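J.: Could you have a look at this structure, given as structure tokens, before my questions?
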Amino acid sequence: MTMKPGTLRQILLLTDGCSNQGTDPAFMAARAYEQGITVNVIGVMENDVIDEKGMNEIQAIARSGGGASQIVYAQQLSQTVQMVTRKAMTQTIQGVINRELQQILGSSTTMEDLPPDKRGEVMEVVDELGETSKLEVLILVDTSASMKHKLEIVKDSLLDLSLSMNARQGDNQFSVFAFPGKKNDVEKLVDWTPKLEVLTKIFPKLTTGGITPTGPAIEEAVAFFNKKRSLRGLLSNDDEQYFEESM
């Protein structure tokens, strides 16, 4: 099996509480997934402050967005950010390959139905695509009042993510948004960049407080992805191959 590397598009949501304004975030995550964007959610926990409602929402957003979710203590965040990002990459690639298999072998065939040797070959393809595919991750950081003492840990975790992902063969692009913003529900902190070192200058200036408009934040993230694709279409005559076109 041979497949060309494509572009894996992810939203990575870092939050420690429930959304309380605007569109239902799980609904917006489903809309994102329909457009080929996986939505991953990490709940940043401190002294068990995430209640059952918050945990249910985190799981619902990731489930609707076709992504991974994880509840972690703040000090474990760095490792978890990398793990969730890679897990979502693998899930997306496996989903595309399963659809390819169904077209070739029948509507109900998945990787698990293959003989062990063939399954091993397919997993090698999954691993290779995970290393060579282009990766675009838009990071949404909850900056409501309860996140104030966690932003330094969030910053360090994102820097570690940048270093880890840049060890891949494929190209990486990251962007960072905060919600709520100073003037609007969502504020862009970092435009698309392969490295996140700029966060060291931005994060100390962030103010925390106010509402948690998670749904509008996801909606804004999707719009930003689509704007990037529109600009790419204007600037290039080449038709890029995206995994989401197979989704």
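J.: Of everything in the range 183-197, what is open to solvent by less than 100 Å² (accessible area, probe 1.4 Å) and within 20 Å of Pro216 (Cβ to Cβ)? Give them in sequence order.
T.: Listed by number, the residues that qualify are Asp185, Val186, Glu187, Lys188, Leu189, Val190, Asp191.
J.: Give the residues of the range 152-164 that are over 13 Å from the mean Cα position of the chain (by Cα) and touching a residue at least 40 places away in the same chain (Cβ under 8 Å), sorted by residue number.
T.: Hits for the range 152-164 are Glu152, Ile153, Val154, Lys155, Asp156, Ser157, Leu159, Asp160, Ser164.
J.: Could you list all residues from the range 112-132 that are open to solvent by 30 Å² or more (accessible area, probe 1.4 Å) and either among the aromatic types (Phe, Trp, Tyr) or under 17 Å from Thr7 (Cβ atoms) (or both)?
T.: Selection gives Glu128, Glu131, Thr132.
J.: Tell me which strands (runs of 3 or more DSSP E) are completely within the range 1-111 and hold 1 or more residues being buried (at least 16 other Cβ atoms within 10 Å of the Cβ) and free of Cβ contacts under 8 Å to residues at least 40 places away in the same chain, or say none if there are none.
T.: Output list reads 37-45, 66-73.
J.: So, in the range 179-211, how many residues would count as being assigned to a loop (DSSP other than H, G, I, E, B), in contact (Cβ under 8 Å) with a residue 24 or more places away in the chain and of a type in the set (Val, Ile, Thr)?
T.: 4
J.: Picking from Glu46, Glu57, Glu52, Glu34, which residue would you name as being charged (D, E, K, R), modelled with pLDDT of 95 or more and more than 11 Å from the chain's Cα centre (by Cα)?
T.: Glu34
J.: Here is a further query. For residues that are over 18 Å from Thr80 (Cα atoms) and open to solvent by less than 30 Å² (accessible area, probe 1.4 Å), tally how many sit in the range 169-182.
T.: 8
The values are calculated or read from the model by the stated rules, or taken from the named source; none is laboratory data. All figures in this text were calculated on a predicted structure; none of them were measured in a lab. Note: ideal-geometry Cβ built from the backbone for every residue, glycine included; neighbour counts use all protein chains shown. Just so you know, the surface numbers come from the protein's heavy atoms only, side chains and all, with ligands and any DNA or RNA stripped out. Shrake-Rupley method; radii C 1.70, N 1.55, O 1.52, S 1.80 Å.
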